[in-house]
1. Counting only residues 5 or more places away or on other chains, whose amide H sits under 5 Å from the amide H of ILE35 once H atoms are built in the peptide plane?
2. Mind checking which lysines have their C-alpha under 19 Å from LYS67, skipping anything on the same chain fewer than 8 residues away?
3. Would you mind ranking SER50, SER68, SER79 by Cβ crowding within 10 Å, fewest neighbours first?
Amino acid sequence: MTCTILIKIQMGNAVINDITDLKGVFDYALSHGIISKQVFDGIIRNCDFSKERQTKDCKVNIAKFLKSYSDINIFNIYSPVCHEDSERPNSTLHALTQHVSIIFR
């Protein structure tokens, strides 16, 4: 008689790997029309997230990426645009900036 032990592993919406997670964030922004193909290509071409320091061109494109999200609730990109600071969710841009801050070490 063979005995098999099953181990259950659960994984939620966790950050697994900063490099691949960031690539996913940029892919998502491009595929949903938040950033242009030019900004996306600039990030892919000029940024190496395995390094601590990034090129000036990388930082310029990341700044454009962050600006594209400045009026958008990253947790619901289809919600109405927030024009006043009081209407914005407090954590929206902060959460995105924290996630992308790996490149500005």
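1. Long-range HN contacts for ILE35: LEU30.
2. LYS23, LYS37, LYS56, LYS59
3. Ranking SER50, SER68, SER79 by Cβ neighbours within 10 Å, fewest first, gives SER50, SER79, SER68.
No value in this document is a laboratory result; all are computed from the given coordinates. Everything quoted here is computed from the prediction, not taken from an experiment. Here the Cβ is made from the backbone with ideal geometry for all residues, glycine too, and neighbour counts use every protein chain on show.
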